[in-house]
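Take a look at the structure below.
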Amino acid sequence: MNQDHREAARGKVGSAAEATIAAVRDFAERAGALLTAPQALRDSARHQIEILNGDRVAARLRETPLLALKEVAGRGVRLGALEQHGFRTVADVLNAHDHRLQQVPGVGQTTVLEVKRAARTVAVQVHQDVRFRFDPDRRDPAQTQLLATLAAVRSADSAATALHQPLQQFRGQVAPLVADAERAGSRWSMFFSRRSKKDAALDALARLDAILADPQVRGLQKAVHAREQTVDPRSYEPGQLWREYLSDAASVNAVLSTIGGTGTVEDEEAARGFVPEELRQRISAIPLDTTMLTSTLRGYQVFGAQYAIHQERSILGDEMGLGKTIQALAVLAHLAAKGQRRFLVVCPASVQINWLNETAKHSALAAHSLHGADRDATGRRWVREGGLAVTTFGTLARLPADVRDADVAMLVVDEAHYVKNPDAARSQAVRAAVQGSQRALFLTGTPMENRVEEFRTLVGYLQPAVARRVDAADAVAGAKAFRRAVAPVYLRRNQEDVLTELPDKIETESWVQLSDTDEAKYESAVSGRNLMAMRQAPFSSPGSAKLERLKDIVEEAAEDGMKVVVFSYFLGTLELIQGALGSAVVGTITGAVPPQARQQIVDEFTARPGHAVLLGQIEAGGVGINIQAASVVILTEPQWKPSTEEQAIARAHRMGQVRTVQVHRLLAKDCIDERICEIQQGKRLLFDAFARKSEAKDADLRAVDASEHRPEVLDDESVPVGQRVLAAERHRMGLDR
């Protein structure tokens, strides 16, 4: 230690030294509290849930008539006598003292014991059945407090992830120094200490002063102060909490699912896809690095990511709507955080854009589109810079050799059932890509236990030895037996398996790129100032990307026996879908169909066993009828008013619905769909379009950034919204320059 620093420290012996030590201790304690906040807040949330569930159990027992105990208590128990003397419900019996029950004429000790035993049995069953869900129509203080705690949990998770390393480093650095410097806080202690002890105390004090003066530590103190506000549940305003829940319930419920302690052993086993215990333990032991993930994972999604990491070459076969994409992104984000550089996704053209959007939404990974005119140049940049590249089945084999042969840390094949035919060209291209990758993950929502031969083909790409052991008898024995038998390569969870971790409604935006035919029709419509034709163009031909994506969704729903309702504003779109789906369509509800006939169509749709499709004009089928039989809702184009969409969704997502409702919004890039979404979200027209840089700008005059010459009409709310959107598209395409 420099002698000058030691002399400066000598001048602070006493109260000044005590102040320095106290400041260091205070910040170290605050740092520790911030790092432990995620667990502490989760403990608080778990306690709150237990209270809320206890209240709901008590309410259910107060609503359960005493005679419901008849089957549990057995014959000979005098329930009627108890009921006649005012014990009407199960709660009445549970809350009454034994001697009070025995005062009822004809009721003895044996009857009381049997009735109490039966009541406790029912109470346990009710408690097991109760699953907490937020009720925005009953915004009581207890629910609001839980919302605030969950908001704090999310902030605490983010803070702990971002600040863990510097805070731990600070605490480890100052702990021994504080121990040595304590002597300097007392002049008497210093006076009676040996020279070596004095020097050690002065050196430690000087180093503590230097640490506190370090700009990085001062910045860290400011960061901790800012984060401390957000991890305090009391800092959240109730109205804002509920508004955020209504706008993004999925994120809140994802945090809720990480609280733990609210599920049964069966829930836990189902969330892990009935994987055998020994393998499950090895998989769960992998710590998932989520530093490059920007969304919260549900418990079963964490296990899905851990499974794919541990098994290295596997199939994730979760039922539609359980988030296979985000689980795959969690795997890639984990590998990227560990230093891996390149990842490749191969998918149908109809979901390629969606992969790019989801990557940006849920992760910090750089995404590259290997599709279209710039695919070769973009591919070489991906090879140099790393990140996540997304290409299509049709493009994979046409990529340059140096791109195809790049060292890929993980290959993800979405809709993997597309390569079930080993003789098809795309299957052979995927096989080669799998062989050239360090790891591979196949995604498919098609239940493989119903298609053993197809399953064996897919497994053959990944783990040939396991494929040879696949036995059709395991599938015959049932889904659980099949999953346990193929656990080394296949993980599948169904909605009912993990329903407690899902929101009541899952909304997904499926973005696609216009096909060449649709793009030509769209350009013609814009040139002709035909607003209605512009809205229909993205769904105007049998080769439309939207139609292909819709067919994929319906096919997956059919595999799982789900019913689907499709809404569109346009009759032509519904006719195109009718032609593509054929006999799966029960009927079409339009404005021309009288109310009685509409209900007959709905009744037939409901009564048809298993899968069925109902088509409806959104202005007609979206109001006045109940379609609880449907658990998948598809909106083929965005509507001017979000309320129109919500009203249509509410036909299925309403009281009496027994399954989680999946809502798929089909949206096309670079067209009026983006403008309508901007209107719905209250953004400035063309905001996103001009925020992006186009690499094709120099090659295509229409792509010239004209943001400096933004037409005033776009921001003039006195002009009808349709006219402003038309002006925005003409401006974007350079037609009014």
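The values are calculated or read from the model by the stated rules, or taken from the named source; none is laboratory data. Since the structure is predicted, the reported quantities are computational estimates derived from the model, not experimental observations. So basically every Cβ, Gly included, is an ideal-geometry build from the backbone, and we count neighbours across all protein chains shown. What goes into the accessible areas is simple: the full protein's heavy atoms, side chains included, and nothing from ligands, DNA or RNA. Shrake-Rupley method; radii C 1.70, N 1.55, O 1.52, S 1.80 Å.
For the stretch 299-350, the tally of residues that are crowded, with 22+ Cβ neighbours inside 10 Å, of a type in the set (Gly, Ala, Ser) and not in a loop (DSSP other than H, G, I, E, B) stands at 9.
Scanning the stretch 563-581 for residues being open to solvent by less than 30 Å² (accessible area, probe 1.4 Å) and over 18 Å from Ala630 (Cα atoms) gives a total of 2. Scanning the stretch 245-291 for residues that are surrounded by fewer than 16 Cβ atoms within 10 Å (Cβ to Cβ), over 25 Å from Ala337 (Cβ atoms) and at pLDDT 80 or above yields Pro276, Glu277, Glu278. Pairs linking a residue in the stretch 420-441 that is open to solvent by 30 Å² or more (accessible area, probe 1.4 Å) to a residue that is assigned to a helix (DSSP H, G or I) and among the acidic types (Asp, Glu), with Cβ atoms under 8 Å and 6 or more positions apart or on different chains, are Lys420/Glu454. Applying the criterion of being touching a residue at least 12 places away in the same chain (Cβ under 8 Å) and open to solvent by less than 50 Å² (accessible area, probe 1.4 Å) to the residues of the stretch 55-67, the residue that is nearest to Asp129 (Cα to Cα) is Val57.
For the condition at pLDDT below 90, within 30 Å of Arg732 (Cβ to Cβ) and either among the hydrophobic types (A, V, I, L, M, F, W, C) or surrounded by 21 or more Cβ atoms within 10 Å (Cβ to Cβ) (or both), what is the one hit in Ile634, Ile618, Ile679, Ile627?
Working: Ile634 fails: at pLDDT below 90; Ile618 fails: at pLDDT below 90; Ile627 fails: within 30 Å of Arg732 (Cβ to Cβ).
From the options Ile634, Ile618, Ile679, Ile627, the qualifying one is Ile679.
Of the set (1) touching a Lys or Arg at 6+ places or on another chain (Cβ under 8 Å); (2) not in a strand (DSSP E or B), all apply to Ala389 but (2). Just one of the listed residues (Asp135, Asp140) is modelled with pLDDT of 90 or more, farther than 30 Å from Ala364 by Cβ and open to solvent by 20 Å² or more (accessible area, probe 1.4 Å), namely Asp140. Taking the stretch 725-737 as the search range and keeping residues that are surrounded by fewer than 20 Cβ atoms within 10 Å (Cβ to Cβ) and not small (Gly, Ala, Ser), which one is nearest to His709 (Cα to Cα)? Residue satisfying both the conditions and the ranking: Arg737.
Quick one: which helices (runs of 4 or more DSSP H) sit completely within the stretch 481-562 and have at least 1 residues that are over 29 Å from Lys324 (Cβ atoms), open to solvent by 30 Å² or more (accessible area, probe 1.4 Å) and modelled with pLDDT of 95 or more? Please lay out each step first, then the result.
On the way: elements: 495-498, 516-527, 531-536, 545-559.
Here the list reads 516-527, 531-536.
Residues in the stretch 214-225 that are under 30 Å from the mean Cα position of the chain (by Cα) and either charged (D, E, K, R) or open to solvent by less than 60 Å² (accessible area, probe 1.4 Å) (or both): 2 in all. Assessment of the stretch 591-613 against the conditions (on the phi > 0 side of the Ramachandran plot, out of contact with any Pro (no Cβ under 9 Å at 6 or more places or on another chain) and outside any loop (DSSP other than H, G, I, E, B)) yields no matching residue.
Looking for whichever is of a type in the set (A, V, I, L, M) and either in a loop (DSSP other than H, G, I, E, B) or touching a Cys at 6+ places or on another chain (Cβ under 9 Å) (or both) here; the options are Val403, Val412. Which one fits?
Details: Val403 fails: either in a loop (DSSP other than H, G, I, E, B) or touching a Cys at 6+ places or on another chain (Cβ under 9 Å) (or both).
None of the other options fit; the residue is Val412.
Restricting the search to the stretch 351-377, which residues are assigned to a helix (DSSP H, G or I), open to solvent by less than 10 Å² (accessible area, probe 1.4 Å) and either over 19 Å from Val512 (Cβ atoms) or not β-branched (Val, Ile, Thr) (or both)?
Applying the first criterion (assigned to a helix (DSSP H, G or I)) to the stretch 351-377 yields 351-362, 375-377.
If we keep only those that are open to solvent by less than 10 Å² (accessible area, probe 1.4 Å) as well, we get 351-352, 355, 359.
Of everything in the stretch 351-377, those that are assigned to a helix (DSSP H, G or I), open to solvent by less than 10 Å² (accessible area, probe 1.4 Å) and either over 19 Å from Val512 (Cβ atoms) or not β-branched (Val, Ile, Thr) (or both) turn out to be Gln352, Trp355.
Kindly list the number of the only condition in (1) part of a loop (DSSP other than H, G, I, E, B); (2) at pLDDT below 90; (3) open to solvent by 10 Å² or more (accessible area, probe 1.4 Å) that fails for Leu685. For Leu685, the exception is condition (3).
For the structure I just gave you, tell me whether Leu399 is surrounded by 16 or more Cβ atoms within 10 Å (Cβ to Cβ), more than 23 Å from Val302 (Cβ to Cβ) and more than 28 Å from the chain's Cα centre (by Cα).
Numbers: surrounded by 16 or more Cβ atoms within 10 Å (Cβ to Cβ): yes; more than 23 Å from Val302 (Cβ to Cβ): yes; more than 28 Å from the chain's Cα centre (by Cα): yes.
Yes.
Sub-6 Å Cβ pairs linking a first residue in the stretch 157-183 that is within 17 Å of Arg6 (Cα to Cα) to a second residue that is charged (D, E, K, R), at least 6 apart or interchain, are Leu177/Arg207, ordered by first then second residue.
Is it fair to say Asp92 is of a type in the set (Asp, Glu) and under 27 Å from Arg46 (Cα atoms)?
Values: of a type in the set (Asp, Glu): yes; under 27 Å from Arg46 (Cα atoms): no.
It is false that Asp92 is of a type in the set (Asp, Glu) and under 27 Å from Arg46 (Cα atoms).
Evaluate the following for Ala424: is it on the phi < 0 side of the Ramachandran plot, of a type outside the set (Asp, Glu) and out of contact with any strand residue (DSSP E or B) (no Cβ under 9 Å at 6 or more places or on another chain)? So Ala424 passes the test.
Among the residues that make up the stretch 156-164, is at least one of them open to solvent by 10 Å² or more (accessible area, probe 1.4 Å), under 30 Å from Arg56 (Cβ atoms) and either among the basic types (Lys, Arg) or within 36 Å of the chain's Cα centre (by Cα) (or both)? Yes, there is a match, as at least one residue in the stretch 156-164 is open to solvent by 10 Å² or more (accessible area, probe 1.4 Å), under 30 Å from Arg56 (Cβ atoms) and either among the basic types (Lys, Arg) or within 36 Å of the chain's Cα centre (by Cα) (or both). Evaluate the stretch 657-673: report whether one residue or more is at pLDDT 70 or above and open to solvent by 50 Å² or more (accessible area, probe 1.4 Å). Yes, that holds for at least one residue. For the residues Arg468, Arg404, the requirement of being at pLDDT below 95 and surrounded by 15 or more Cβ atoms within 10 Å (Cβ to Cβ) singles out Arg404.
Taken over the stretch 16-42, residues that are without any contact (Cβ under 8 Å) to a residue 60 or more places away in the chain and open to solvent by 70 Å² or more (accessible area, probe 1.4 Å) amount to 4.
Identify all residues within the stretch 589-615 that are open to solvent by 40 Å² or more (accessible area, probe 1.4 Å) and among the polar types (S, T, N, Q); write none if there are none. Within the stretch 589-615, Gln596, Gln599, Gln600, Thr606 meet the criteria.
Out of curiosity, is Ala473 at pLDDT 85 or above and in a helix (DSSP H, G or I)?
Working: at pLDDT 85 or above: no; in a helix (DSSP H, G or I): yes.
So Ala473 does not fit the description; no.
Can you confirm whether the stretch 708-717 contains a residue that is under 33 Å from the mean Cα position of the chain (by Cα), surrounded by fewer than 16 Cβ atoms within 10 Å (Cβ to Cβ), in a loop (DSSP other than H, G, I, E, B) and modelled with pLDDT under 85? The answer is no, given that none of the residues of the stretch 708-717 is under 33 Å from the mean Cα position of the chain (by Cα), surrounded by fewer than 16 Cβ atoms within 10 Å (Cβ to Cβ), in a loop (DSSP other than H, G, I, E, B) and modelled with pLDDT under 85.
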